[in-house]
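Structure first, commentary second.
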Amino acid sequence: MWQFENLARIYNINWGTGGDDGAMYFFHCWGCGTLVPTQTSQPLLRVYCAECKETVPQKLDEDRRLYSEVRARLMLDRALSILERQDAHMYEYREPAQVIAEKIAGDPGAFDSAHEMIAAMELVRNSVRAKIHPSVGSYRPDFLLPAKKVVLEVDGYMHKHSKLRDSDRDIKMRRKLGPEWEVVRIPTKYIEQNAKMLVKAIDELAAYKRKARKQHSGIVPAWYSDRDAEFWEDVLYGKR
Ligand SMILES: [Zn+2]
């Protein structure tokens with residue numbers, strides 16, 4: 001093969017063996033550049049030598065791990081910046097932030113967003129124990145608060161899932177967890193504006209849903225949702 005090593009600097013050298021037409025072609029390893037014999041003259045995939053076939057995926061895995069770590073750390077910084085914009089007493093969040101930093105050091109994918117991190121810090125700050133992304137049947141809600149019997153979801157803007165009425169998902173999760181559980185959805189908009197009211201809002205919203213359910217034989221009537229906007233304004237701006 002040594003004599004072809006030099007010759008094969010010209011691509012597509014015919015080695016005379018292999019391939020459908022009995023030809024062998026040489027291509028530079030995509031990783032390190034050494035010449036690799038192939039049986040096709042037009043590779044549709046990148047060609048790698050035996051060594052790179054092993055090391056390239058390892059390096060990619062390492063890069064993915066580094067990327068998710070950096071991403072999680074930047075997410076935490078963003079979460080703290082959001083808190084700084086809402087007149088939060090930042091030193092109340094120092095310990096909670098350390099708890100989150102520790103969590104993401106071991107599990108960089110633990111949180112999906114800065115808003116989830118803020119919610120987690122609020123829960124820590126208020127000593128509310130929570131499970132993050134637990135399995136509930138086939139669902140993975142954001143948080144489970146066992147002491148409050150609340151499933152907490154941190155949602156995008158007030159889309160339909162932010163409504164108070166039960167979605168299919170809520171019904172299935174409550175079936176798994178038990179009728180005393182409530183699913184509480186907090187729109188990210190409010191976490192962005194007034195995070196320190198989160199735990200109070202969870203309590204009020206869960207109580208509100210439980211009361212509605214009691215009055216309406218176990219379901220939260222759809223028209224309760226019409227009160228959403230008002231409800232949120234009241235709870236999150238301290239009017240309740
Ligand atoms: Zn190589």
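The values are calculated or read from the model by the stated rules, or taken from the named source; none is laboratory data. As the structure is a computational prediction, the values presented were derived from the model and not from experiment. Cβ placement follows ideal geometry from the backbone for every residue including glycine, while neighbour counts extend to all protein chains displayed.
Does any residue of segment 2-11 turn out to be within 16 Å of the ligand (Cβ to nearest atom), more than 26 Å from the chain's Cα centre (by Cα), among the aliphatic types (A, V, I, L, M) and at pLDDT 95 or above?
Taking every residue of segment 2-11 in turn, none turns out to be within 16 Å of the ligand (Cβ to nearest atom), more than 26 Å from the chain's Cα centre (by Cα), among the aliphatic types (A, V, I, L, M) and at pLDDT 95 or above.
Quick check, is Ile186 touching a residue at least 60 places away in the same chain (Cβ under 8 Å), in a strand (DSSP E or B) and closer than 29 Å to Arg71 by Cβ? Explain how you work it out, then say what you get.
Numbers: touching a residue at least 60 places away in the same chain (Cβ under 8 Å): yes; in a strand (DSSP E or B): yes; closer than 29 Å to Arg71 by Cβ: yes.
Taking the combined requirement at face value, the residue satisfies it.
Out of all the residues in segment 116-129, is one or more of a type outside the set (A, V, I, L, M), assigned to a helix (DSSP H, G or I), in contact (Cβ under 8 Å) with a residue 60 or more places away in the chain and within 29 Å of Lys172 (Cβ to Cβ)?
Within segment 116-129, one or more residues are of a type outside the set (A, V, I, L, M), assigned to a helix (DSSP H, G or I), in contact (Cβ under 8 Å) with a residue 60 or more places away in the chain and within 29 Å of Lys172 (Cβ to Cβ).
For Glu69, only one of the following conditions fails: (1) within 16 Å of the ligand (Cβ to nearest atom); (2) assigned to a helix (DSSP H, G or I). What is its number?
(1)
So which residues in segment 31-63 are at pLDDT below 95, more than 16 Å from the ligand (Cβ to nearest atom) and either surrounded by 11 or more Cβ atoms within 10 Å (Cβ to Cβ) or closer than 30 Å to Ile104 by Cα (or both), if there are any at all?
Answer for segment 31-63, where residues must be at pLDDT below 95, more than 16 Å from the ligand (Cβ to nearest atom) and either surrounded by 11 or more Cβ atoms within 10 Å (Cβ to Cβ) or closer than 30 Å to Ile104 by Cα (or both): Gln39, Thr40, Ser41.
Which one of the conditions (1) modelled with pLDDT of 90 or more; (2) of a type outside the set (Gly, Ala, Ser); (3) not assigned by TED's automatic domain parsing to the domain that holds Thr188 does Glu92 fail to meet, given that it meets all the rest?
Among (1) modelled with pLDDT of 90 or more; (2) of a type outside the set (Gly, Ala, Ser); (3) not assigned by TED's automatic domain parsing to the domain that holds Thr188, the lone unmet condition for Glu92 is (3).
Using beta carbons and a limit of 8 Å, which pairs, at least six apart or on different chains, have the first residue in segment 166-181 and under 18 Å from His216 (Cα atoms) and the second one among the aromatic types (Phe, Trp, Tyr)?
Arg174/Trp181
If I go through segment 16-30 residue by residue, how many of them are over 41 Å from the mean Cα position of the chain (by Cα) and either within 16 Å of the ligand (Cβ to nearest atom) or at pLDDT below 50 (or both)?
Here is the first cut: in segment 16-30, the ones over 41 Å from the mean Cα position of the chain (by Cα) are 16-26.
After this cut, where a residue has to be either within 16 Å of the ligand (Cβ to nearest atom) or at pLDDT below 50 (or both) as well, the list is 16-19, 26.
Result for segment 16-30: 5.
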